[in-house]
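**Student:** Just dropping this structure here.
The values are calculated or read from the model by the stated rules, or taken from the named source; none is laboratory data. Note that the structure is predicted; figures quoted are calculated from it, not measured. Every residue, glycine among them, receives a Cβ derived from its backbone with ideal geometry; neighbour counts consider all protein chains shown.
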Amino acid sequence: MSDSPRAEADANAQAGTRTPLAPIDILAFISELFAFVTLAIWGFAMWSLPWNIVVGILAPVAAILVWALFVSPRAVFAVHPFVRAVIEILVYAAAGMAWWSMGATWLGLGYGVVAVVIGVLAGRRRFA
């Protein structure tokens, strides 16, 4: 047997069932989408041509790839919850720093606070 939390959750779940979505799950998803869109805006707005096209596409794609590999509910690699939280915070911090570098300091700080609160609440729900 595997020691991963994903394997235990799969073993305990009945076939064809899934835990119901809570409002915090929807907020977490919106927060993730906001981070990816922010990285795209930052890439297209803060770099000169032709780099704005490259960074505007690659920054959100890289964040989505890391998210899908380690953090998503159906992640490719089952990692320790601490590693999952660190990766989540790094993606949120990248989005906050992107707003900061675009001159929207308060938007970056506000997003960072909201994203961390949503992440903590969603993480606590996963452990409940």
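**Student:** Here are the criteria: (1) surrounded by 17 or more Cβ atoms within 10 Å (Cβ to Cβ); (2) over 9 Å from the mean Cα position of the chain (by Cα). Tell me which single one LEU65 does not satisfy.
**Tutor:** Tallying (1) surrounded by 17 or more Cβ atoms within 10 Å (Cβ to Cβ); (2) over 9 Å from the mean Cα position of the chain (by Cα), LEU65 fails exactly one: (1).
**Student:** Has the range 63-80 got any residue that is in contact with an Asp or Glu (Cβ under 6 Å, 6 or more places away or on another chain) and of a type outside the set (S, T, N, Q)? Write out each step before concluding.
**Tutor:** Taking the range 63-80 as the starting set, the residues that turn out to be in contact with an Asp or Glu (Cβ under 6 Å, 6 or more places away or on another chain) are 71.
From what's left, of a type outside the set (S, T, N, Q): 71.
Taking every residue of the range 63-80 in turn, at least one turns out to be in contact with an Asp or Glu (Cβ under 6 Å, 6 or more places away or on another chain) and of a type outside the set (S, T, N, Q).
The rows are residues; the columns are (1) of a type in the set (Ser, Thr, Tyr); (2) over 25 Å from LEU107 (Cβ atoms); (3) at pLDDT 90 or above.
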site: ARG18; (1), (2), (3): no, yes, no
site: LEU21; (1), (2), (3): no, yes, no
site: LEU39; (1), (2), (3): no, no, yes
site: VAL55; (1), (2), (3): no, no, yes
site: ALA59; (1), (2), (3): no, no, yes
site: VAL71; (1), (2), (3): no, no, no
site: ARG74; (1), (2), (3): no, yes, no
site: PHE82; (1), (2), (3): no, yes, no
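**Student:** Which condition number does ALA59 fail, the rest of (1) under 20 Å from ASP25 (Cβ atoms); (2) of a type outside the set (D, E, K, R); (3) assigned to a helix (DSSP H, G or I) being met?
**Tutor:** Single failed check for ALA59: (1).
**Student:** List pairs: first residue in the range 92-121 and surrounded by 14 or more Cβ atoms within 10 Å (Cβ to Cβ) and outside any helix (DSSP H, G or I), second residue modelled with pLDDT of 90 or more and of a type in the set (Ser, Thr, Tyr) anywhere in the structure, Cβ distance under 6 angstrom, at least six positions apart or on different chains.
**Tutor:** Matching pairs, first to second residue: none at all.
**Student:** Can you pull out every residue in the range 72-112 that is of a type in the set (A, V, I, L, M) and closer than 15 Å to ILE30 by Cβ?
**Tutor:** Taking the range 72-112 first, the residues of a type in the set (A, V, I, L, M) are 75-76, 78-79, 83, 85-87, 89-91, 93-95, 97-98, 102, 104, 107, 109.
Those that are of a type in the set (A, V, I, L, M) and closer than 15 Å to ILE30 by Cβ: VAL91, ALA95.
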